[in-house]
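The values are calculated or read from the model by the stated rules, or taken from the named source; none is laboratory data. None of these values were measured; they are calculated from a predicted model. Here Cβ is always computed from backbone atoms with ideal geometry, including for glycine, and neighbour counts include all displayed protein chains. Surface accessibility is based on the protein's heavy atoms, side chains included, excluding ligands, DNA and RNA. Shrake-Rupley method; radii C 1.70, N 1.55, O 1.52, S 1.80 Å.
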Amino acid sequence: MWEDLYEEYQSELLAYGTRMSGSRELSEDLVQETFIKALIHAGTLTELSSSQQRAWLYSTFKNLFFDRYRRAVLEQESLHSLQLHASEPSGIPEVEAAMLLQTVDPQDRAIFQLRYLDGYTAKEIAQMLGLPPGTIRSRLSRCRSRLKKQLQT
């Protein structure tokens, strides 16, 4: 069943995603994630009709796209907030930034530095550390929240 779904809808979802995102590479990633979710929820999908399965795939793809978009916006806002704080004239911004990062758990700090200072993606960091990408994203979110809270005090 899963292979049939993939053969029938993979290229259709890829075209839809490319139009939606403007990026074939992003669309390929999202199609892959969509079919991974289909594998995880195979029991549910077998109970659906063909048109319902198609709708489930499109809905899942769209949700993954918007989740990724929201996450990117939040990351940019947090990074912008940190950059604004760092650009304030204080005389010693590097020391302040280092002290601010010291308030974060060492493992989260390392993940934060890999993502925002070294430019690695969550997926690349996950591969380096042998953790799921979702874990990396949640730790980055927790770290951004903590840093934002520290900046507001």
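Quick rundown of the values:
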| read-out | value |
| --- | --- |
| Simple label model, 7 Å out from Cα along Cβ direction - Gln150 to Leu74, nm | 1.9 nm |
| Ordering of 126-139, 53-66 by packing [mean C-beta count within 10 Å, highest first] | 53-66, 126-139 |
| Under-24-angstrom lysine pairs by C-alpha in the chain, whenever the two are 8 or more apart or on separate chains | 4 |
| Average accessible area per residue (Å²) across the chain - probe 1.4 Å, nucleic acids and ligands excluded | 63 Å² |
| The range 96-140: Rg to Rh, with Rh as the Kirkwood radius over Cα pairs | 0.98 |
| Debye-sum result for the chain in log10 I(q)/I(0), which assumes one identical scatterer on each alpha carbon, at q = 0.09, 0.13, 0.14 Å⁻¹ | -0.40, -0.71, -0.78 |
| Helix 133-152 vs. the chain, principal-axis angle (Cα, 0 to 90°, nearest 10) | 30 degrees |
| Sulfur and carbon atoms: percent of accessible area, the chain [1.4 Å] | 53 percent |
